[in-house]
Amino acid sequence: MTGAPKVIITFNDDGHDTYNIDGRVIELDNDLSSTVADIEGGLKASGFSTSLLPLRSAAGLEGFAKSVYAASPDSLIFNLCEGAFSKSSFEMNVAALFELYGARFTGSGPLALGLALDKGMAKDILKMRGVPTPEYAVMDAAPEAMPLGLDFPLIVKPLREDASVGIDSRAVVSSLKELRERVDFITKRYLQPAIVEEFIDGREFNIAVLGNGAGKKALPPSEILFVDFPEDKPKIICYEAKWVEESPFYMKTVPSCPADVSDAMRAELQATALKAYGVLGCRDYARVDMRVGFDGKIKVLEVNPNPDISSNAGFARAAKASGLEYPDLVAAIVEAAESRYQSKALSKPVPAR
């Protein structure tokens, strides 16, 4: 690719995590190394030169910041940082650091990243702008009575976590007693408020969105199929179902892309995703998660402006269903960011002489 920018792949490297299943400790990788390798390989296959810049807890921030500051103005950062120093709440701070140093980078800016991480604030904005979302309430402590406008069943999540952290088979509650216990657990375990939402017991979809402005497009919808799911467990994508391969929930939540839906439903899902993407100010790429109830109504659960884009993740499957092979997908993300910065440069007023 002639004239392609050098791409610096940045990522937070926080080592390993553990998860307990029935007394058995499972070690999980959360260092993004496989995603980094996928993206580096895809970019090189598309003609880009690359380098790696990890943000590691042990190394601190100073060396990372110096490398960002010293980067060539012709370089573009491919931002994979989902947080910093084992805190997802610092995701927006990394993007803000790039902006402070004038670095060009892929993906959403700090405002969109911060809004999306706060589920209550994001839903406030979506609801105000006419994007359908389940009814909800934010709680700092266990409630004495049912919140106005809510009815059981409800799902309780940490307000400011992502990647299904804090969501397990007990997250869906059906009584005030269960609600009080779950809110108390979330607020004490995660040291943050809980968001309590109407539980939509229906089909679950996610829609990947790629690009900016008039050129942005929603890729084919993907559905999560709950195959042979235990009858006594709520059909949700809990932490185990998303990340723990040894878990039975992981094996019983099967992605299907493109989803088996009517043309009308596909168009409505994609239009809703595009609207949510725009309302929260996402850039270059993002994923919108939603459910369709038995009444046929679409409800947006959340917008993820920094989704998993490894070669075996849902975003890549949706891209392939649209005709984009993996190297084409990562190149399209870089090109979307490049075009965005070029348009911004061209729109700057010329100083008077």
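The values are calculated or read from the model by the stated rules, or taken from the named source; none is laboratory data. If you're wondering where the values come from, they're calculated on a predicted model, not measured in any experiment. Positions of Cβ are backbone-derived with ideal geometry, glycine not excepted, and every protein chain shown enters the neighbour counts.
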message = Take Ala331 and tell me if it is surrounded by 21 or more Cβ atoms within 10 Å (Cβ to Cβ) and more than 16 Å from Phe205 (Cα to Cα).
response = yes
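Consider region 172-189. How many of its residues are closer than 18 Å to Asp140 by Cβ and in contact (Cβ under 8 Å) with a residue 40 or more places away in the chain? Give the steps one after another, and end with the answer.
If we filter region 172-189 for residues that are closer than 18 Å to Asp140 by Cβ, which is where we start, we get 173, 176, 179-189.
Going one step further and asking which of them are in contact (Cβ under 8 Å) with a residue 40 or more places away in the chain, we end up with 183-184, 187.
Residues flagged as closer than 18 Å to Asp140 by Cβ and in contact (Cβ under 8 Å) with a residue 40 or more places away in the chain within region 172-189 amount to 3.
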note = Listed by first then second residue, the pairs whose first member lies in region 62-80 and is closer than 19 Å to Tyr285 by Cβ, whose partner is at pLDDT below 90 and among the hydrophobic types (A, V, I, L, M, F, W, C), with beta carbons under 9 Å and at least 6 positions apart or on separate chains, are Ile77/Ala71; Leu80/Leu32
request  = Answer yes or no as to whether Ser34 is assigned to a helix (DSSP H, G or I), hydroxyl-bearing (Ser, Thr, Tyr) and either assigned by TED's automatic domain parsing to the domain that holds Gly83 or modelled with pLDDT under 75 (or both).
outcome  = yes
request  = Go through the residues of region 68-81 one by one and say whether even a single one is surrounded by fewer than 20 Cβ atoms within 10 Å (Cβ to Cβ), within 23 Å of Arg340 (Cβ to Cβ) and aromatic (Phe, Trp, Tyr).
outcome  = yes
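Tell me which residues, restricted to region 274-291, are assigned to a helix (DSSP H, G or I) and either touching a His at 6+ places or on another chain (Cβ under 8 Å) or surrounded by 21 or more Cβ atoms within 10 Å (Cβ to Cβ) (or both).
Ala276, Tyr277
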message = Criterion first (of a type in the set (S, T, N, Q), at pLDDT below 95 and closer than 24 Å to Lys235 by Cβ) does Ser175 satisfy it?
response = no
task = Quick one: which residue in Gly130, Gly120, Gly114 is out of contact with any His (no Cβ under 8 Å at 6 or more places or on another chain) and on the phi > 0 side of the Ramachandran plot?
result = Gly130
request  = State whether the residues of region 56-66 include one that is in contact with a strand residue (DSSP E or B) (Cβ under 9 Å, 6 or more places away or on another chain), closer than 28 Å to Ala316 by Cα and either surrounded by 14 or more Cβ atoms within 10 Å (Cβ to Cβ) or of a type outside the set (A, V, I, L, M, F, W, C) (or both).
outcome  = yes
remark   = Among strands (runs of 3 or more DSSP E) entirely within region 57-166, at least 3 residues that are more than 19 Å from the chain's Cα centre (by Cα) and at pLDDT 95 or above occur in 136-139
message = Within region 211-233, take every residue that is modelled with pLDDT of 95 or more and of a type in the set (Lys, Arg) and give me the one that is farthest from Ala318 (Cα to Cα).
response = Lys216
message = Any residue at all in region 295-309 that's over 29 Å from Ile39 (Cα atoms), at pLDDT 95 or above and in a strand (DSSP E or B)?
response = yes
